[in-house]
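Here is the structure we will look at.
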Amino acid sequence: MPRGLVEGVVLCRVGEARLAVPCGEVDAIAPLDGPAWDVGLAFGSAAGAVEGKALQCFGQLLRVDSVDVLTTPELTVLPVPSLLTGVADGALTGFVELLGALWPLVSAGHLLEHLRRRAEA
Amino acid sequence: MTTPLPPGRNRWMTNPSTLAAPLGVMIAVAYVSSVVTLPDGTGAAYVGVLLTVLVGFNIAADLFEQSRLRTVKGLGAGLIKPTPEALTAAAAEAAQAPDTTFFLALFAFMVGAVVVSGLWYFLASPPVIVAVRVGLVGSLVAPLTAMMANLLVLPRARQVLRELLDAGLPPESLAQVLPVRFELRRRLMLYSTVAVLTPMLMVADASLHRSTELLEVVKRQPDVVVARAVFEAQRAEGFGLLGALGAATLIMVVLCAWLTGSVLGDPLKRLGEETERLAQGRYQRGRLVMAEFETWAAATSMSAMETHLLDAVQGARDAARGIGEAAAELVTHGAQQEQGANEQSAALMATTATTEELARSAGQISANALRVSEIARGTLEAAQAGKTSADAFTGAMAEVRDGNQAIADSVVKLNKRVQQVGRIIEFIDGIADKSDLLALNAELEGHKAGAVGEGFGLVAAEMRRLAENVMTSTREIARLIDDIRDATNAAVMATEAGVKATESGAGLARKVSDSLGDIVQFANLSADAMQSISLATVQQQGGSDQLVAAMEDINRTTQKNVESARQMAVTQGELVEVSKELAQVVDTFGGRS
Amino acid sequence: MSEGPRGHLVFACAGSLYAVPAERASEVVNLPALTRVPGAAPHLLGVFAHRGEVLPVIDLTRLIGKPVEERFKRVVVVRVARGAMAFTATRVIGVNPIPGALPRLGETGALAFMSGPATVPAGECAAIDPEGLLEYLSRGR
């Protein structure tokens, strides 16, 4: 995939925050059933939410409140500002403009790593 | 207060019949032994058979009698409760007992005689004629024995019936159980016949037999002298026997007559006593003399008569008491009437005085009424003026209300305009803000351009100040609009309150106007009424004088009324005395009922 | 440092005045709706897209450890060689000259990249060193 473009994203909402995960990194979307990494932790929310949907990525589960899948062939990815380089353990890979808003594009693997670190801290 | 039936009355009542049977047998045996010559060797068999049949028949007859007295027995033993039904059944049994005994004894004796002679004939083989004679003698004694049994049981049956009455048997039930039978004459004839005929037949039989025997003896003697001697001897013997038989018969007849007389006469004696009691006025409820046949009819009639007499006496007593009470009440009412008449007299006097007073005051009223009439006219004029003012006020209030309504409408319109101005100001503020931002960025760019952009920067700064001024003004206007909005809201509310107040004021004014209208009407009416009163009072003055005269007449009449009421009271007192005497007279008929 | 006075864009943020060199201040815009960034520090309120570029918005009150819950009206976009960022502002005063040689306001943290106080017509303000601050904020993670 050429740099600056992404092919299909899974749009997730967690509280008032939102983020996008490339479709290629999501194995399955399932109802939340059992332990999962709460994506809300990355936005500073308190842990403990038990409702919502689960994204299965790299054999692990990520909890979000709601999910939409957008299969637009090619989306322009806006680069990460220098101030934000390496934020969330490098999970933030850029931004996409969709539905009149900006969506942070994150790499699921790095996000899982970031959440694990946060949990350890 | 009831006394229960004593125990064993069933057996006590029929015991005499058990005694009567051996007595009859003794008479029969005595006769047979003196008159009939039993063949040798048959005497023992005769006595044996006789005793066996006597005992056997007596036991059987007794069992039969007792079986017909079950209720009497049960009541005496306490096995049956003394209900009216049970007592009535027992009374029926007791009443039936004498007749039962009579027929039972008659039947048992006749059958017994036949059985004895038959058995004796088969056991001892006497000559047939002798056996038949023995049987006939037994049958001959049967009516006598039955009569004796009947006469002995009868008094005891009466006694039991009396005891049943004491045990609570209603006398009227007894009257039903013991129907009146007019058979006294027949019964007396029967008793007399039996009492006379039995000894007569016996004597006849003995004579006939004796004569036949004598004839046989004479016939067997060929010698006339010897025959005469034997005949004479036999006749002398025969005379002795007949004399003895005659004496026994006489005793028997007298005894039967005495028994019959005493049994049948006893109720008559008691009836006599009861009549004596009635004659003395000692009445008592539920008294009944036990008797039979015509005597029983007399006894029940007398009991019913006594009951009716007692009811009548009670009625008379109640009536006497009622008269006494009524008389006493009359006396009270008379006293009240007298008092009332006195009061009436006093009241009339007072009324007369009042009427005179009325006549005097009528003139005064007439004068006052004229004055009131004038005052009412004054009131009418004042009320008419008030009504005109109130109507004017109502009109003014309506104008105020319309004015208020117009103000309220204007305020609402003003409010809408103010809101529109507010929206315009917001729009201007938005433009000023954008201008400020634009000017700011222009200033920044002017500065970056260095000396070249210096003038541009100055213009931009001016523009910013202008925008800021606009924004300050719009803020000020917005604040003023808020103030206006608050003020108009208050004005709207005040106006609404004003409209309501004027409406209620107008309503009140209308009411005042209506009330004043009513007052005008009433004042008119009062003025008319006062004039009428004035006129009527003048007329009344004349009437009052006539009334005074009439009152004096009435007063005189009332005085007379008082006098007659007093006289009536005296008469009523006498009536009370008379009614007391009546009650005493009635009370002499039987102390109690 | 012995430089002469330089033009600075002075702006107020929750009662305090700040200044950035006028040549680094690229634009003043109304504060738009912001997108929150995962794993970002608290002073980073979020990002917004402006002229095809994603700009991070820094809340100066949070940055210096005195957070104030206030509704900011504008943001001042600052651009240096390494990148761009925006500061929250309640009111933008305008361009004022500020002397070059001013003492630093602190030795460590964000204050090490601010100097002052500098007197401007609107009061006393802190002059921000945007290159240093961006460098410091980028290093912060």
Assess whether residue A:85 counts as being in contact with a strand residue (DSSP E or B) (Cβ under 9 Å, 6 or more places away or on another chain), open to solvent by 50 Å² or more (accessible area, probe 1.4 Å) and more than 7 Å from chain C (Cβ to nearest Cβ). no
Per the list (1) modelled with pLDDT under 90; (2) loosely packed, with under 14 Cβ neighbours inside 10 Å; (3) closer than 17 Å to residue B:145 by Cβ, residue check on residue B:60 breaks on (1)
Of all residues in segment A:55-82, count the ones that are open to solvent by less than 30 Å² (accessible area, probe 1.4 Å) and touching an Asp or Glu at 6+ places or on another chain (Cβ under 9 Å). 8
Output yes when any residue across segment B:291-314 is touching a residue at least 60 places away in the same chain (Cβ under 8 Å), out of contact with any Ser or Thr (no Cβ under 7 Å at 6 or more places or on another chain) and outside any helix (DSSP H, G or I), and no when none is. yes
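So that you can scan it fast, the table gives a plain yes or no per residue for (1) farther than 15 Å from residue C:9 by Cα; (2) crowded, with 22+ Cβ neighbours inside 10 Å; (3) at pLDDT 90 or above:
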position	(1), (2), (3)
C:49	yes, no, yes
C:59	yes, no, yes
C:71	yes, no, no
C:78	no, yes, yes
C:97	no, no, yes
Criterion first (more than 50 Å from the chain's Cα centre (by Cα), under 26 Å from residue B:263 (Cβ atoms) and buried (at least 19 other Cβ atoms within 10 Å of the Cβ)) does residue B:140 satisfy it? yes
Being open to solvent by less than 60 Å² (accessible area, probe 1.4 Å) and within 12 Å of chain A (Cβ to nearest Cβ) is the requirement here; does residue C:42 meet it? no
From B:194, B:263, B:218, which residue is touching a Phe, Trp or Tyr at 6+ places or on another chain (Cβ under 7 Å) and open to solvent by less than 70 Å² (accessible area, probe 1.4 Å)? B:218
Among the listed residues A:52, A:94, A:90, which satisfies the condition of being on the phi > 0 side of the Ramachandran plot, more than 14 Å from chain C (Cβ to nearest Cβ) and open to solvent by less than 40 Å² (accessible area, probe 1.4 Å)? A:52
Within segment C:37-78, how many residues are charged (D, E, K, R), within 11 Å of the chain's Cα centre (by Cα) and in a strand (DSSP E or B)? 0
Contact list, first residue from segment C:25-38 and at the interface with another protein chain (Cβ under 7 Å from one of its Cβ atoms) and under 12 Å from residue C:49 (Cα atoms), second anywhere and of a type in the set (Gly, Ala, Ser) and surrounded by fewer than 18 Cβ atoms within 10 Å (Cβ to Cβ), beta-carbon distance below 8 Å, six or more apart or interchain, is C:35/A:101
Matching option when the condition is polar (S, T, N, Q), without any contact (Cβ under 8 Å) to a residue 12 or more places away in the chain and assigned by TED's automatic domain parsing to the domain that holds residue B:490, among B:435, B:410: B:410
Would you point out which residue out of B:207, B:173 is in contact with a helix residue (DSSP H, G or I) (Cβ under 8 Å, 6 or more places away or on another chain) and in contact (Cβ under 8 Å) with a residue 40 or more places away in the chain? B:173
Test: residue A:115 is touching a residue at least 60 places away in the same chain (Cβ under 8 Å), within 12 Å of another protein chain (Cβ to nearest Cβ) and buried (at least 18 other Cβ atoms within 10 Å of the Cβ): yes
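Okay, residues lined up against (1) surrounded by fewer than 16 Cβ atoms within 10 Å (Cβ to Cβ); (2) assigned to a helix (DSSP H, G or I); (3) outside the structural domain of residue B:197 (by TED's automatic domain parsing):
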site: B:229; (1), (2), (3): yes, yes, no
site: B:232; (1), (2), (3): yes, yes, no
site: B:237; (1), (2), (3): yes, yes, no
site: B:241; (1), (2), (3): yes, yes, no
site: B:248; (1), (2), (3): no, yes, no
site: B:252; (1), (2), (3): no, yes, no
site: B:255; (1), (2), (3): yes, yes, no
site: B:269; (1), (2), (3): yes, yes, yes
site: B:274; (1), (2), (3): no, yes, yes
Would it be correct to say that residue B:180 is modelled with pLDDT under 80 and outside any helix (DSSP H, G or I)? yes
Scan segment A:33-49 residue by residue and report those that are within 14 Å of another protein chain (Cβ to nearest Cβ) and either open to solvent by 80 Å² or more (accessible area, probe 1.4 Å) or of a type in the set (S, T, N, Q) (or both). A:45
Yes/no for residue B:168 being at positive phi and open to solvent by less than 50 Å² (accessible area, probe 1.4 Å): yes
Do the conditions hold for residue B:201, that is, is it open to solvent by less than 50 Å² (accessible area, probe 1.4 Å), more than 30 Å from residue B:298 (Cβ to Cβ) and either in the same structural domain as residue B:36 (by TED's automatic domain parsing) or more than 60 Å from the chain's Cα centre (by Cα) (or both)? no
Look at residue A:59 and say whether it is in contact (Cβ under 8 Å) with a residue 40 or more places away in the chain and either among the polar types (S, T, N, Q) or away from every other protein chain (no Cβ under 12 Å) (or both). no
Pairs needed: first member in segment C:107-134, open to solvent by 60 Å² or more (accessible area, probe 1.4 Å); second member anywhere, part of a loop (DSSP other than H, G, I, E, B); C-beta distance under 6 Å; at least 6 residues apart or different chains. C:111/C:105
Could you list, in sequence order, all residues of segment A:100-112 that are within 9 Å of another protein chain (Cβ to nearest Cβ) and buried (at least 20 other Cβ atoms within 10 Å of the Cβ)? A:102, A:103, A:104, A:106, A:111
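The values are calculated or read from the model by the stated rules, or taken from the named source; none is laboratory data. In this text, all values refer to a predicted model and were calculated from it rather than measured experimentally. Using ideal geometry, Cβ is built from the backbone for each residue, glycine included, and neighbour counts are taken over all protein chains shown. Each accessible area value is taken on the protein alone, full model and side chains, heavy atoms only, with ligands, DNA and RNA left out. Shrake-Rupley method; radii C 1.70, N 1.55, O 1.52, S 1.80 Å.
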